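The values are calculated or read from the model by the stated rules, or taken from the named source; none is laboratory data. All values reported here derive from a predicted model rather than from experimental measurement. All Cβ positions, glycine included, derive from the backbone under ideal geometry; neighbour counts span all protein chains shown.
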Amino acid sequence: MGVDVYDESALVRRAKKTLLPNPARVITKFFLPGSETKPQGALHVDTVMERVLSLSDEEVSATLVSILGRFAHRHDRLSQILVDHYKRVSHHAPQDREISKERQDLIGAYFTQEFAIESTALFNPSIVAHPVQDGSHEGQIKIILSLRAIGEGHVSCIEFRTGTFSESEGIRIDEPGARLVTGRLAPAPLTRDFLMETLDHHIGSVLYEELLRLLPEHFDSDHLGDAITLIEKDSLVTEGSGSIAKQIRSIASANYRLHFPESHDLSEFVIAPSSADERQGVEDARFTQFLDEDGTVSYCATYTAFDGSQINQHLLLTSDFLNFEIKTMIGQAAGNKGMAIFPRKVGGNYLAISRWDNETISITQSVDMVSWQAPKAVQLPEQPWEFIKLGNCGSPIETEAGWVLLTHGVGPMREYSIGAILLDLADPSIVVGALKEPLLISLEEEREGYVPNVVYSCGSMKYGNTLILPYGCSDLKTRFAYIDFPTLLKELSEGSR
């Protein structure tokens, strides 16, 4: 492999290709300009509403024409977005006044903002084979890259790139589209069993018992909201149940579906925060191509949902990268960052690598990918470059010799390195080999960024004799490394304990 490689050894070759954050990539967000009470006693949102309502029809028309002229070409369906955002504040409008459609749109514009999703960083990638390989040449595979983008206020989104890889030419990334879309949101189905398991410590409250009585076996967040509202109207909410109701609503809103239009390129799809426990970001998606027992191929990912103080692991499922289902994950193993799901069942169960204690690599299992059992420690920090903590760099790669798992370790000076371990094929809780030295550390030109001295990946992919490793550099940009897979296996075996 030659044309795109600039730094190489017998084991690792680094590509010239670098993905940098681009502040021109923007989406729209609902904008609430402060909900605090002003000195005059009015809410800020009410004051803004009054000012727009005071404009003449001519001023409304001229202002709206100007806005659409400057912003409509930057966004898909901007007019509909303005309608949706008006609806979110319409309860602040005078109920005795008829408001024209044009004025409603203008009000919606005052409660809309552009958000540059990658103005700060574009990093922590994972890579999978594209579900549609039409058009790829012999010796070439089409790929999908997921990326974590950080914008204003350190809010993270998930976005994508497409491209190709061949061992003769390396990685090629397609030029991304410019009109970003965040997808159409819809409630996801829930079950009573899921609700019971999630809220089992609240059994005994009137609210909880009434919910179980009112809800069918299968329901969605809309049904759940209606049931809670009915209970509240019937005055069955006891002391402390208000916070339980809030928690239940939060759980329901965190389980949803996203649909993206086929008219847009995958590189224009943005998975942005859509629920309360994601409001500060959706982070570090670890995608893997999953092979079910019946031969069905789909894609699953875990990601970290961050609300500004608490983190939760969420599950993301898709078969076509057009329709996504998002579910909350529960259990001790899902209580921290960095879960990675195995690409098939093992022993009849779903397996995942967990770093539930923020320090060690553990393994956990599940019957449904949602509820995860107590984790079992697999590897503790042993080498100097991983003494602070260990974690995974994505889902393990299956080979006849065992499961190859790339890891990240944190050592002195808070420097992140990428290593590798080999897990037993039949019982992945057994480590049969481990590298004594890091596979990858920051080059000098990779050390500077938002968080210095970091190399980090959320998933690699094997093709031919090459393990394609996209990785983030110092929480700023994304680069690529090519690992000679036979050599890696040899070194893992020689490093067995």
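Only one residue in T399, T407 is surrounded by fewer than 19 Cβ atoms within 10 Å (Cβ to Cβ) and among the polar types (S, T, N, Q). Which one? Exactly one residue qualifies, and that residue is T399. Could we say that G419 is in contact with a His (Cβ under 8 Å, 6 or more places away or on another chain), at pLDDT 95 or above and farther than 23 Å from L195 by Cβ here? Here the answer is yes, as G419 does meet what is asked.
Any chance you could count how many residues in the range 445-490 are of a type outside the set (V, I, T) and within 27 Å of F290 (Cα to Cα)?
Keep residues of the range 445-490 that are of a type outside the set (V, I, T), which gives 445-450, 452-453, 456-465, 467, 469-477, 479-482, 484-486, 488-490.
Next cut, within 27 Å of F290 (Cα to Cα) only: 456-465, 467, 469-472, 479-482, 484-486, 488-490.
Residues flagged as of a type outside the set (V, I, T) and within 27 Å of F290 (Cα to Cα) within the range 445-490 amount to 25.
When residues in the range 409-422 are screened for being in a strand (DSSP E or B) and either under 17 Å from P381 (Cβ atoms) or within 25 Å of the chain's Cα centre (by Cα) (or both), 8 of them pass. Residue selection: D284 fails the criterion of being outside any strand (DSSP E or B), of a type in the set (D, E, K, R) and farther than 23 Å from E197 by Cα. Could you list all residues from the range 365-407 that are in a loop (DSSP other than H, G, I, E, B), among the aliphatic types (A, V, I, L, M) and without any contact (Cβ under 8 Å) to a residue 60 or more places away in the chain? The answer is V367, A374, L380, I388. Just one residue in the set P384, P438, P412 is under 15 Å from I483 (Cα atoms) and in the same structural domain as G464 (by TED's automatic domain parsing); that residue is P438. How many residues are in a loop (DSSP other than H, G, I, E, B) and under 14 Å from A420 (Cα atoms) when one looks only at the range 442-495? Counting residues in the range 442-495 that are in a loop (DSSP other than H, G, I, E, B) and under 14 Å from A420 (Cα atoms) gives 5. If you filter the range 94-121 down to residues that are among the aliphatic types (A, V, I, L, M) and in a loop (DSSP other than H, G, I, E, B), you find that the one that is nearest to L19 (Cα to Cα) is I117.
Quick grid of which residues meet (1) among the β-branched types (V, I, T); (2) touching a Ser or Thr at 6+ places or on another chain (Cβ under 8 Å); (3) more than 17 Å from V12 (Cβ to Cβ); (4) modelled with pLDDT under 95:
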| position | (1), (2), (3), (4) |
| --- | --- |
| W385 | no, yes, no, no |
| L390 | no, yes, yes, no |
| E398 | no, no, yes, no |
| S457 | no, yes, no, no |
| T466 | yes, no, no, no |
| P470 | no, yes, no, no |
| Y482 | no, yes, no, no |
| P486 | no, no, no, no |
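Residues that are among the aromatic types (F, W, Y), in contact (Cβ under 8 Å) with a residue 60 or more places away in the chain and in contact with a helix residue (DSSP H, G or I) (Cβ under 8 Å, 6 or more places away or on another chain) are absent from the range 163-182. Do we find that L351 is outside any loop (DSSP other than H, G, I, E, B), within 21 Å of V12 (Cβ to Cβ) and aliphatic (A, V, I, L, M) in this structure? Spelling it out, it is not the case that L351 is outside any loop (DSSP other than H, G, I, E, B), within 21 Å of V12 (Cβ to Cβ) and aliphatic (A, V, I, L, M). Here is the figure for the range 31-50: residues that are surrounded by 11 or more Cβ atoms within 10 Å (Cβ to Cβ) and either among the acidic types (D, E) or at pLDDT 95 or above (or both) total 2.
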